[in-house]
Amino acid sequence: MASRDPSVHAISLQTIHRVHVQKQPSTYAPPLPKAARDQLITTYAKLHGRSVHNSATLNLTDVQLQSGTLSLTVSVLDFFDFLMFTVFREPQQAVATQLTQYGYSDLAKTCMSLPAHYRALTSPIASLPQLVRAPELPTPLAVSVVVRTTDNFYLLVRRPMATAIGAGYMSVSATGGLEPEDLRSSNPITTCAARELQEELGITVPPEQLSLQFLAAGTTKLQPAILLQAAVPHSAQAIIRTAQQAIDYSHEVAEIIPVNKKLLQPMLQQYTFTELGKFHLGNLH
């Protein structure tokens, strides 16, 4: 079942019993050499006070659903390729002007030339499979996890202002991208989700407590993600008390906000959420 929300391309995973992930050689053709890409991204981040770190991600290139099985095809992709796509897929005259003012005229010309590379965006993206099958679009697969506590609170998170993407936005409990090492697991999706919960909130969640909800991509960010829900054996306050010791807490979390289900809708209307975060929290099962 696909989503009726026009801001999100989504496929329901409620009837999925098995996830199969296969890796293939990359067919992604980057618009810039790595050195030029890295210079553009790090200079942009420095001028805007953002924290950036490149790493290997898994680029989703195909999706198939059949007989209760979700089949995903992935290849290795640098996160900086997606970050460059996110920032520069549309003309950024203000950024180009700023780069020129700081003496980076060559980078200014480069950033203004990038939108022409992402030619798949010249026509409307009608579905998630169409998005991930476009060879010039980087679409790294992520997970997005909503935690439900023993006292029936859902944990929302406000992202720090220095975050590379989604700075200052309200979001779900934990998010993160799949990594090549996750493919060593029999279920890379739940392995990644469990790692993000441990690194960002300091909680250990067994795979059987993670349930698949949707495969989705927002029409603005255009990054596919598996949306999951986690029932954890902890109260909201117990998690809040210990989360600051988590390895990535200071990088990924500015504030944890426990909310009961009746107050979720007012929260979604009152605050600015990431598009997938808003969709996820509005469609909990």
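Strands (runs of 3 or more DSSP E) fully within segment 1-112 that include at least 3 residues being surrounded by fewer than 18 Cβ atoms within 10 Å (Cβ to Cβ) and of a type outside the set (Phe, Trp, Tyr): 18-23, 56-66, 69-78. Figure legend. Inter-residue proximity from segment 20-37: first residues more than 23 Å from Glu181 (Cβ to Cβ), second residues surrounded by 14 or more Cβ atoms within 10 Å (Cβ to Cβ), beta-carbon distance below 6 Å, spacing 6+ or different chains. Indicated pairs: Pro31/Leu114; Pro31/His117; Arg37/Phe80; Arg37/Met84.
Is it the case that segment 19-34 has a residue that's touching an Asp or Glu at 6+ places or on another chain (Cβ under 9 Å), among the charged types (D, E, K, R) and within 21 Å of Glu90 (Cα to Cα)? Looking for residues that are touching an Asp or Glu at 6+ places or on another chain (Cβ under 9 Å), among the charged types (D, E, K, R) and within 21 Å of Glu90 (Cα to Cα), one finds at least one in segment 19-34, hence yes. Determine, yes or no, whether Ser75 is more than 17 Å from the chain's Cα centre (by Cα) and among the small types (Gly, Ala, Ser). No; evaluated as a whole, the condition is false for this residue. Filter segment 63-85 down to the residues that are of a type in the set (A, V, I, L, M, F, W, C) and touching a strand residue (DSSP E or B) at 6+ places or on another chain (Cβ under 8 Å) and list them by number. Hits for segment 63-85 are Val63, Leu65, Leu70, Leu72, Val74, Val76, Leu77, Phe79, Phe82.
Since every read-out is calculated from the coordinates, none of them should be taken as a lab result. Just so we're clear, the structure is a prediction, and the values are computed from it rather than from any experiment. With ideal geometry, Cβ positions are generated from the backbone for all residues, glycine too; neighbour counts draw on all protein chains shown.
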